[in-house]
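The block underneath contains the structure these notes are about, expressed in structure tokens.
The values are calculated or read from the model by the stated rules, or taken from the named source; none is laboratory data. Worth saying up front: this structure is predicted, and the values here are computed from it rather than measured. Neighbour counts run over all protein chains shown; Cβ positions are idealised from the backbone, glycine included. Surface accessibility is based on the protein's heavy atoms, side chains included, excluding ligands, DNA and RNA. Shrake-Rupley method; radii C 1.70, N 1.55, O 1.52, S 1.80 Å.
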Amino acid sequence: MADDAVTRYALITGATRGIGNAIAKRLEKSGFFVIGTATSEEGASRISDSLTSGVGVTLRVDDDDSVTALMDRLKAEYELPVVLVNNAGVTRDNLLMRMKAEEWNSVIETNVTSLYRLCKPLMRPMLKARWGRIVNISSVVGRMGNPGQTNYVASKAAIEGFTRSLALEVGNRGVTVNAVAPGFIETDMTDELNDDQREQMLSRVAAGRMGTAEDIAATVDFLVSEGASYITGATIPVNGGLYMS
């Protein structure tokens, strides 16, 4: 952070568990007051309980009114953040020929349109401060592709394009915009894989292990630091060599 005497606020969406919660804890250790979002009051309470200097709040990133209400609350109770980590996302997997419009629209609204909803109101305080950090969580499949996930893959590819364009708009005002693209990460979902499935996945990873949520959090922590002030418009792959481009 540019000035340790100044409290800076970081907003992390989808911070209830996994990658989002690991990012929230890591940024808290780096001195930020962390505001983590969940879709329910129960989830928000879990975030608050996991933080010492931070709070959990409810937010539906796919709903304009919910985002507006959060921004009003932040202005009234805290201040608008100058660090934003867009981590919230959903999957609605299906083959395209069977995919319902709701499955497509839900993923695009949550994973892509949410970036517009959240970045736009936070641009003014970042530009005014001449300092800001936006990190968007993409995925290795945004470049690899993945059958049965045309909606999800399209959303992650769009996130990377959005990142590059916004970086060009705000780069000369001290605001950086980057993306992080995780590979195979230890999550609740991967815990359910059997040994054969895990071995098949690991055979494709040069590092020979699954990634952890902390691996992603460490990368985000660097990108929001002063040391990363000359990095913008980049997508940082954190995939252990699963995909190299």
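Pick from the range 91-121 the residues that are aliphatic (A, V, I, L, M) and in contact (Cβ under 8 Å) with a residue 40 or more places away in the chain: which of them is nearest to Val177 (Cα to Cα)? Let's see the steps before the verdict.
Initial filter on the range 91-121 (aliphatic (A, V, I, L, M)): 95-97, 99, 101, 107-108, 112, 115, 118.
Now narrow it down to the ones that are in contact (Cβ under 8 Å) with a residue 40 or more places away in the chain: 95-96, 99, 107-108, 112, 115, 118.
Numbers: Leu95: 32, Leu96: 31, Met99: 32, Val107: 22, Ile108: 20, Val112: 15, Leu115: 12, Leu118: 13 Å.
Ranking the candidates gives Leu115 first.
Here are some conditions: (1) under 22 Å from Val61 (Cα atoms); (2) open to solvent by 30 Å² or more (accessible area, probe 1.4 Å). Met144 meets all but one. Which one does it not meet?
Every condition holds for Met144 apart from (1).
Scan the range 61-103 residue by residue and report those that are open to solvent by less than 80 Å² (accessible area, probe 1.4 Å), of a type in the set (A, V, I, L, M) and under 30 Å from Glu226 (Cα atoms).
Val61, Val67, Leu70, Met71, Leu74, Leu80, Val82, Val83, Leu84, Val85, Ala88 - these are the residues of the range 61-103 that are open to solvent by less than 80 Å² (accessible area, probe 1.4 Å), of a type in the set (A, V, I, L, M) and under 30 Å from Glu226 (Cα atoms).
For the range 200-245, name all the residues that are without any contact (Cβ under 8 Å) to a residue 40 or more places away in the chain and in a helix (DSSP H, G or I).
Scanning the range 200-245 gives Gln200, Met201, Leu202, Asp215, Thr219, Phe222, Gly227.
Conditions: (1) surrounded by fewer than 16 Cβ atoms within 10 Å (Cβ to Cβ); (2) assigned to a strand (DSSP E or B). Val180 meets all but one. Number of the miss?
Only one criterion in (1) surrounded by fewer than 16 Cβ atoms within 10 Å (Cβ to Cβ); (2) assigned to a strand (DSSP E or B) is unmet by Val180, namely (1).
Across the range 104-130, what is the total count of residues that are touching a strand residue (DSSP E or B) at 6+ places or on another chain (Cβ under 7 Å) and either of a type in the set (Phe, Trp, Tyr) or open to solvent by less than 30 Å² (accessible area, probe 1.4 Å) (or both)?
6
So, in the range 109-137, how many residues would count as being in a helix (DSSP H, G or I), of a type in the set (A, V, I, L, M) and under 15 Å from the mean Cα position of the chain (by Cα)?
Residues of the range 109-137 that are in a helix (DSSP H, G or I), as a first pass: 109-129.
Then drop every residue that is not of a type in the set (A, V, I, L, M), which leaves 112, 115, 118, 122-123, 126-127, 129.
Adding the requirement that they be under 15 Å from the mean Cα position of the chain (by Cα) leaves 112, 115, 118.
So the answer is 3.
Kindly establish whether Leu193 is open to solvent by 20 Å² or more (accessible area, probe 1.4 Å), part of a loop (DSSP other than H, G, I, E, B) and not basic (Lys, Arg). Working first, answer last.
Values: open to solvent by 20 Å² or more (accessible area, probe 1.4 Å): yes; part of a loop (DSSP other than H, G, I, E, B): yes; not basic (Lys, Arg): yes.
Yes.
If you take just the helices (runs of 4 or more DSSP H) that sit entirely in the range 20-108, which of them hold at least 3 residues that are touching a helix residue (DSSP H, G or I) at 6+ places or on another chain (Cβ under 7 Å)?
It comes to 64-77, 101-108.
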